[in-house]
Amino acid sequence: MQKNKGQKGFSLIELLIVVAIIGIIAAIAIPNLLASRRAANEASAISALRTVGTAQSTYSSTLGFGSYGSMSELKGAQLVDASIAEADGTTDAKTKSGYGFGIQNASGAGYESAATRRSDNNGTRNFISDHAGVIYATTSAAGTVTYASTNAKAIGN
């Protein structure tokens, strides 16, 4: 028979303390990680709207003869990536970083583009841009597509 004297290891109390410390660290870290992911999604949406603006300028000066193009025209001219063009701003099709994208009123006079978050987990703001290249942020509800920049705040371009 073996005796228990001299055995080494952790007691139940010590293990519970370690588990409690890990739980506290996780409770602090997880909200920060989620906030970082939302900020990254918003940065991706802003970047995609800048890409759409650059594509619109290129389309207008080369293929559009002074007029701006729809999302499908920009995709067809290979000026925007499929990840942006197929993340339709009006349906629950694909998304890019949790955002859908759309263009309306594309003509010789201008256009409006929008990046709309699908849920509040993806970000806290929706974004709007126009032919002037200014990007606006709005706190309208997730899934609500809006192209109007009234009551929206211009972000630091």
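Structure summary
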| read-out | value |
| --- | --- |
| Filtered residues of the range 7-49 (kept if charged (D, E, K, R) and closer than 18 Å to ARG125 by Cα) | ARG37, ARG38, GLU42 |
| Sole exception among (1) aromatic (Phe, Trp, Tyr); (2) touching a residue at least 12 places away in the same chain (Cβ under 8 Å); (3) not in a helix (DSSP H, G or I) for TYR59, by number | (3) |
| Pairs where the first residue, in the range 67-84, is without any contact (Cβ under 8 Å) to a residue 60 or more places away in the chain and assigned to a loop (DSSP other than H, G, I, E, B) and the second is surrounded by 15 or more Cβ atoms within 10 Å (Cβ to Cβ) and aromatic (Phe, Trp, Tyr), C-beta under 8 Å, 6+ apart | GLY69/TYR59; ALA77/TYR59; LEU79/TYR59 |
| Among (1) in contact (Cβ under 8 Å) with a residue 60 or more places away in the chain; (2) not in a strand (DSSP E or B), the one test that ALA115 misses | (2) |
| TYR147 being aromatic (Phe, Trp, Tyr), in contact with a helix residue (DSSP H, G or I) (Cβ under 7 Å, 6 or more places away or on another chain) and either at pLDDT 90 or above or surrounded by fewer than 22 Cβ atoms within 10 Å (Cβ to Cβ) (or both) | no |
| Condition broken by GLY110, with the remaining ones in (1) touching a His at 6+ places or on another chain (Cβ under 8 Å); (2) of a type outside the set (S, T, N, Q); (3) not in a loop (DSSP other than H, G, I, E, B) satisfied | (3) |
| Count of residues meeting criterion [in contact with a strand residue (DSSP E or B) (Cβ under 8 Å, 6 or more places away or on another chain) and of a type in the set (A, V, I, L, M)] in the range 36-73 | 6 |
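The values are calculated or read from the model by the stated rules, or taken from the named source; none is laboratory data. Everything quoted here is computed from the prediction, not taken from an experiment. Counting neighbours? That spans all protein chains shown, and the Cβs are built from the backbone with ideal geometry, glycine included.
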